[in-house]
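Right, one structure below, let's go through it.
Values quoted throughout were computed directly from the atomic coordinates according to the rules given, and no laboratory measurement underlies them. Computed from a prediction, not measured in an experiment: that's the story for all the values here. Heads up, the Cβs are rebuilt from the backbone with ideal geometry, glycines too, and the neighbour counts pull from every protein chain shown.
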Amino acid sequence: MILLLTLVTFVILLVLSLPIVFALGASAVVGLLASGLPLQQLGSTLVTASQNWVLLAIPSFVFAGSLMERAGMSTSLVELARAMVGWLRGGLGMSVIVVSYFFSDICGSKMAEVSALGSALMPSLKKAGYRPEDGASLIAAGTAMGMLVPPAIFMIVISEVTNQSAVALFLAGFIPAGIIGACLCLVVLAQAHILGWPRDTRASLSRLLLALKNAAVPLVIPFVILGGFYMGAFTATEAGAIVALYAFIAAKFYYRNVSWSEVFELSYQAGVLTGVVIYLLAVATIFQYLLGISGAPEFFGHLLAPLEGERWLFLTGVAVMTLLFGMVLEGLPAAVVLIPVVFPIATKIGVHPVHFDIVQTAAVGIGLFTPPLGVGLLMALRFADISVGQHVRAYVPYLLALLAGLMLIICVPEFSLFLPRSAGLIR
Amino acid sequence: MRFVLMLPRIILGSLVLFAIGVMLYGVLMRYVVLPVTDWLNLDPPDFFWVEEVGEMALAWLTLLGAAIAVKERSHFALSLFVHRLPRGGQAVVHVAHNLIIAAFGGLTAWLGYQLVLLNITLTTPALEINMGWLYGCAVAGGILMLLYALDAARRPHDPDHSFADVRE
């Protein structure tokens, strides 16, 4: 009964467009009152859930990402990718996928990434003869894949929700992102031949070296993160601080195009985004507690029981739910509401927690770029200036490639587990 | 007056830079100074407070950031049909939203105040900071959220203060 009351309040407020965090908060208050529990729990949870060392990585990664984007590092990555693969048929399209992989490393927020890549790449794509719907598809699919490339805020949050090491999760993401990227590149290659996409002239060695030199500053970061985590040199929080310092030095003393007031403005924006993310996590903690005591895990347990016989089937079922949740509610709210409820069932049937987290991260990434509601997709379409209806047909192959990549990650746990296991972070 | 209105913005931005600075200090101590003092057989540096201060800064960042996000309309919201309602209907929903948020902010501040009173005699382990300062973030954030939401509720026809079109 309490479960029903809490959920009904949540859904009504959600449908009425109250921000999700307050819909969760208000329904949690209703649930606490209805079950006769003290409201004091709300106050203490809000503070204690946000007083968290691991989550401290969020403001620094967001700050670093926006600083690097403002300094124009995305442009140098685009140039490098074009010089590397632009001469192939459909090479520019493939370079979008390659750029998304590396750019995700320096950009904490998906929305910031879509807007950076959209503004940097869409004009070149159009000029090279790509239709707007193909351009939007490439950017959307590439960014969806980039969800798995660390440091993603989502990974920090899901590691916290499922009580896993953020570093293990970061390391686990590199290979699955590559797998999805490879699926996307195959689609690009096929599309390029079918639609007759153009190719750039082959880059001379000097142009390639120049592009590499210009992109060296942002390219250091993935290597620092991968190497540092692999060797166990530092924690996610420490990596965040180091990357923030690196971004600051690069923007201020190498690129020299970011003023002090812009630095402060970016730190303010990082503060607002941090507040939004961690407050959501904190409020959802109370909501989850209520769901927990009112029998929601048992309910989901029954719902998913038919899938529990096969791990891949179970993971596929949960991934579909997460994908749909992610499409409707955005990734983070989906993570804090749905994942804590299904996670215990996953561990019970023997799914490795890190594998589970990686599959959910990939599903949320795809959900954000799934028509007709995925908010990331809507943003990518804004750059292409087309509607969902005009775009959807061109997007189908990319969506299928993303889903094929997701299935590969689900069916082969080693893709996710190899790196953290060989680094000794998991068993 | 303008300075007072800018104050939360200044505090929030400074808190982010401060938290990053504290973390960098921790990194410097752990990876540079500690090995050196070890090597020279000197007393190790005391930087255990870094975690304590960093976490407290994050709690303040979160509660203040969440309040400011009400003003900036940065919280995630789902846009289904509210933006298609007639102007009057939208205004009613808008006022209702902000009153719920104001009530939630007020409740947070009140609960935070109770927690401050409850913990005011306790101190943190490393720096012995009064725990009241930690829970004070719920009071400050709650009050700020209440004020921003009430301010937004006063302007039902201002499109810049609606949550409903966030996704559009």
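Please compute, over every Cα-Cα pair in the range B:1-73, the percentage with a separation greater than 14 angstrom.
Numbers: 1781 of 2628 pairs.
Value for the range B:1-73 (Cα pairs over 14 Å): 68 percent.
Below 8 Å, C-alpha to C-alpha, sequence gap of six or more: please give me the relative contact order for chain B in percent. Show your work: numbers first, answer last.
Numbers: 186 pairs, mean separation 47.5, N = 168.
28 percent.
Select from A:A136, A:A177, A:A71 the residue whose mean-square fluctuation is largest in a Gaussian network model of chain A (Cα-Cα springs shorter than 10 Å).
A:A71
Specify the residue with the greatest mean-square fluctuation among A:V85, A:V114, A:V220, computed from a Gaussian network of chain A linking alpha-carbon atoms under 10 Å apart.
A:V220
For Cα pairs less than 8 Å apart in space and 6+ apart in sequence, what is the mean separation divided by the residue count of chain A, i.e. the relative contact order in percent? Could you put the intermediate results ahead of the total?
Numbers: 641 pairs, mean separation 110.6, N = 427.
26 percent.
Based on the Kirkwood radius over alpha-carbon pairs, what value in µm²/s does the Stokes-Einstein equation return for the translational diffusion coefficient of the range A:236-287 at 10 °C and 1.306 mPa s? Walk me through the numbers on the way to the answer.
On the way: Rh = 12.8 Å.
My calculation gives 124 µm²/s for D.
What ratio of Cα Rg to 2.2 N^0.38 Å holds for the range A:76-164?
Numbers: Rg = 14.0 Å, N = 89, 2.2 N^0.38 = 12.1 Å.
Taking the Cα Rg and dividing by 2.2 N^0.38 Å, one obtains 1.15.
What ranking of B:D43, B:D151, A:D385, A:D357 emerges when the number of other C-beta atoms within 10 Å of each C-beta is taken as an exposure proxy, fewest first?
So the residues, fewest neighbours to most, are B:D43, A:D385, B:D151, A:D357.
What is the calculated FRET efficiency for A:I293 to A:E414, with r their C-beta to C-beta distance and R₀ = 41 Å, to the nearest 0.05?
On the way: r = 37 Å, r/R0 = 0.91.
For A:I293 and A:E414, the calculated efficiency is 0.65.
Calculate the spin-label point distance for A:V8 paired with A:A216, positioning each point 7 Å from the Cα along the beta-carbon direction, and give it in nanometres.
6.6 nm
Please compute the Kirkwood hydrodynamic radius of the range B:66-133 from all pairs of different C-alpha atoms, in Å with one decimal. Don't jump to the answer; show the numbers that get you there.
On the way: mean 1/r = 0.0663 Å⁻¹.
Over the range B:66-133, the inverse of the mean reciprocal pair distance is 15.1 Å.
Determine, for B:M1, A:M327, B:M29, the number of other Cβ atoms within 10 Å of each Cβ, and report the residues in order from fewest to most. Walk me through the numbers before you get to the answer.
On the way: B:M1 5, A:M327 24, B:M29 17.
Ascending number of Cβ neighbours within 10 Å: B:M1, B:M29, A:M327.
Taking Cα atoms, how many degrees apart are the long axis of helix A:110-127 and the longest axis of chain A, rounded to 10 and kept between 0 and 90?
That helix lies at roughly 30 degrees to the long axis.
Using only alpha carbon pairs under 8 Å that are at least six residues apart, calculate the relative contact order of the range A:38-106 and give it in whole percent. Walk me through the numbers on the way to the answer.
On the way: 27 pairs, mean separation 18.2, N = 69.
RCO, the range A:38-106: 26 percent.
Shape of the range A:140-251 from its Cα gyration tensor (a ≥ b ≥ c, root eigenvalues): rounded if a/c is under 1.5, otherwise prolate when a/b > b/c, or oblate? The partial results should precede the final answer.
Values: a/c = 2.84, a/b = 1.42, b/c = 2.00.
Oblate shape, in that a/c is at least 1.5 and b/c is the bigger or equal ratio.
For the range A:4-116, what D do you get in µm² per second when you plug the Kirkwood radius from alpha-carbon pairs into Stokes-Einstein at 4 °C and 1.567 mPa s?
Values: Rh = 17.8 Å.
Once the numbers are plugged in, D ends up at 73 µm²/s.
Looking only at the range A:189-209, which residues have a backbone nitrogen under 20 Å from a spot 7 Å from the Cα of A:K127 in the C-beta direction?
So the set is A:197-204, A:207-209.
Taking amide H atoms as placed 1.01 Å from N in the peptide plane, list the residues 5 or more away in sequence, or in a different chain, whose amide H sits under 5 Å from that of B:T123.
HN-HN under 5 Å from B:T123: B:M131.
Using the alpha-carbon atoms, what tilt in degrees (0 to 90, nearest 10) does helix A:2-15 show relative to the longest principal axis of chain A?
40 degrees
Please find, in a Gaussian network model of chain A (springs between Cα atoms separated by less than 10 Å), the residue of A:Y230, A:Y254, A:Y246 whose mean-square fluctuation is greatest.
Per the Cα network of chain A with a 10 Å cutoff, A:Y254 tops the list.
So how do B:R2, A:R311 line up by other beta-carbon neighbours within 10 Å, fewest first? Before the final figure, lay out each step's value.
Details: B:R2 6, A:R311 19.
By the 10 Å Cβ count, ascending, the order reads B:R2, A:R311.
Grab the alpha carbons of the range A:179-327, take their convex hull, and tell me the volume per residue in Å³.
Values: hull volume 36.3 nm³, N = 149.
Roughly 244 Å³ of hull volume per residue.
Stokes-Einstein diffusion coefficient for the protein assembly as shown at 37 °C in a medium of 0.692 mPa s, Rh from the Kirkwood formula over Cα pairs: what value in µm²/s? Don't skip to the end; give the middle numbers.
Numbers: Rh = 24.7 Å.
After rounding, the answer is 133 µm²/s.
Across 5 Å bins from the origin, how do the percents of Cα pairs in chain B run, short distances first?
P(r) for chain B, in whole percents per bin: 1, 8, 13, 15, 14, 12, 10, 8, 6, 5, 3, 2, 1, 1, 0, 0.
Using R₀ = 41 Å, calculate the FRET efficiency as 1/(1 + (r/R₀)^6) where r is the Cβ-Cβ separation of A:I349 and A:W260; round to 0.05. Display every interim value, and only then the final one.
Details: r = 54 Å, r/R0 = 1.31.
Once the sixth-power term is evaluated, E becomes 0.15.
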